[in-house]
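Participant: Have a look at this one.
The values are calculated or read from the model by the stated rules, or taken from the named source; none is laboratory data. Because the structure is predicted, anything quoted here is derived from the model rather than measured. For neighbour counting, all protein chains shown are included, and Cβ atoms are generated from backbone atoms with ideal geometry for every residue, glycine included. Ligands, DNA and RNA are excluded from the accessible area calculation, which covers all protein heavy atoms including side chains. Shrake-Rupley method; radii C 1.70, N 1.55, O 1.52, S 1.80 Å.
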Amino acid sequence: MKLNDAKLYPLLREMEQEGLVEKEVEEKEIGPSRKIIRITEKGTKEFEKWLVGDDGESNLGRPRYDFFKALPFLVKFNFCHDLDNENILRKVSAQRLIHEKKLEDLCRLEKR
């Protein structure tokens, strides 16, 4: 999914309505006003919940044409520095099991 203004601003507005972010408008003497978006405490908690969660990480039924759509775990992995070591190990171990199973399936098919 390409992110452009037509997608970004409705998403930010929705996130603001849900209390995940807050917007401040900074007026300037010269030029357009500046919008500053900050994550709220609720937004931080939801981000952590998403990061720790396993939703969509199984790779089942994912398209093969887009690397990050095909491997949504990698999107979350970019933020693993925000997790404790126990959660990082749990998530990486779960991915290892998923890919070992895929490899076993491929090897079994190859032997046919």
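Participant: Looking at the range 12-23, is at least one residue among the basic types (K, R), at pLDDT 85 or above and out of contact with any helix residue (DSSP H, G or I) (no Cβ under 6 Å at 6 or more places or on another chain)? Spell out the reasoning first.
Facilitator: Filtering the range 12-23 down to residues among the basic types (K, R) leaves 13, 23.
Of the ones still in play, those that are also at pLDDT 85 or above are 13, 23.
Imposing the further condition that a residue be out of contact with any helix residue (DSSP H, G or I) (no Cβ under 6 Å at 6 or more places or on another chain) reduces the set to 13.
The answer is yes, given that some residue of the range 12-23 is among the basic types (K, R), at pLDDT 85 or above and out of contact with any helix residue (DSSP H, G or I) (no Cβ under 6 Å at 6 or more places or on another chain).
Participant: State the number of residues belonging to the range 66-98 that are of a type outside the set (A, V, I, L, M) and at pLDDT below 85. Give the derivation first.
Facilitator: Restricting attention to the range 66-98, the residues satisfying the condition of being of a type outside the set (A, V, I, L, M) are 66-69, 72-73, 76-82, 84-87, 90-91, 93, 95-96.
Now restrict to residues that are at pLDDT below 85: 66-69, 72-73, 76-82.
Residues meeting the conditions: 13.
Participant: While we're on this one: Could you tell me which residue of the range 7-50 is surrounded by the most Cβ atoms within 10 Å (Cβ to Cβ), considering only residues that are among the hydrophobic types (A, V, I, L, M, F, W, C) and in a loop (DSSP other than H, G, I, E, B)? Please lay out each step first, then the result.
Facilitator: Within the range 7-50, the first condition is being among the hydrophobic types (A, V, I, L, M, F, W, C), and the residues that meet it are 8, 11-12, 15, 20-21, 25, 30, 36-37, 39, 47, 50.
With the extra rule that they be in a loop (DSSP other than H, G, I, E, B), the set shrinks to 20, 30.
Numbers: L20: 18, I30: 4.
Taking the candidates together, the pick is L20.
Participant: Take the residues of the range 72-85 that are assigned to a helix (DSSP H, G or I) and either over 14 Å from E48 (Cβ atoms) or polar (S, T, N, Q) (or both): which is most open to solvent (accessible area, probe 1.4 Å)? Full working, then the answer.
Facilitator: Here is the first cut: in the range 72-85, the ones assigned to a helix (DSSP H, G or I) are 72-77, 80-82, 85.
Retained after the next criterion (residues that are either over 14 Å from E48 (Cβ atoms) or polar (S, T, N, Q) (or both)): 72-75, 77, 85.
Numbers: P72: 28, F73: 21, L74: 49, V75: 51, F77: 96, N85: 125 Å².
Here the residue is N85.
Participant: Given the structure, is M1 among the hydrophobic types (A, V, I, L, M, F, W, C), at pLDDT below 90 and open to solvent by 50 Å² or more (accessible area, probe 1.4 Å)? So that I can check it myself, show each step before the final result.
Facilitator: On the way: among the hydrophobic types (A, V, I, L, M, F, W, C): yes; at pLDDT below 90: yes; open to solvent by 50 Å² or more (accessible area, probe 1.4 Å): yes.
In short, yes.
Participant: Another question, if that's okay. Which one of these does I39 not meet: (1) modelled with pLDDT of 85 or more; (2) over 20 Å from Q17 (Cβ atoms)?
Facilitator: Result: I39 passes all but (2).
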